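So the structure is just underneath, and the comments pick up after that.
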Amino acid sequence: FSLRTIIDRKGQNAKSTAVQFGASHAGTNPQDIFNDKKVNAVIITTRHNSHGKLALDALKSGKHVLVEKPMVVTHEELNARYRTFQEMVEF
């Protein structure tokens, strides 16, 4: 695999981390990753309260997702994830 993009709230943090780990892109907008057709997988290591929305956005954009625990923090987020999985997978 190759590390393509680092996203951080602070652009300078994203840039320095990208340089440190050899990523070709850095930015502050997670949608840049979700819209990038060259990105196949996303690792989410943000604050816990943002895991749910970012994981859902990544799944909806067709990415494989690894989420630092917890994946969700509310029942609403859990239900949204469940509905997304149901839509994506034939039972």
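The values are calculated or read from the model by the stated rules, or taken from the named source; none is laboratory data. Bear in mind the structure is a predicted one, so any value in this text is a computation, not a measurement. Don't worry about glycine lacking a Cβ; one is built from the backbone with ideal geometry, like all the others, and counts go over all protein chains shown. What goes into the accessible areas is simple: the full protein's heavy atoms, side chains included, and nothing from ligands, DNA or RNA. Shrake-Rupley method; radii C 1.70, N 1.55, O 1.52, S 1.80 Å.
Treat each spin label as a single point 7 Å out from the Cα along the C-beta direction, and report the S24 to R47 distance in nm.
Here the modelled spin labels are 3.3 nm apart.
Kindly report the accessible area of the chain per residue (heavy atoms of protein chains, probe 1.4 Å, no ligands, DNA or RNA), in Å².
Computed with neighbouring chains in place, this is 75 Å² per residue.
For the chain, which whole-number percentage of the solvent-accessible area (1.4 Å probe, protein heavy atoms only) is attributable to carbon and sulfur atoms?
Carbon and sulfur: 53 percent of the exposed surface of the chain.
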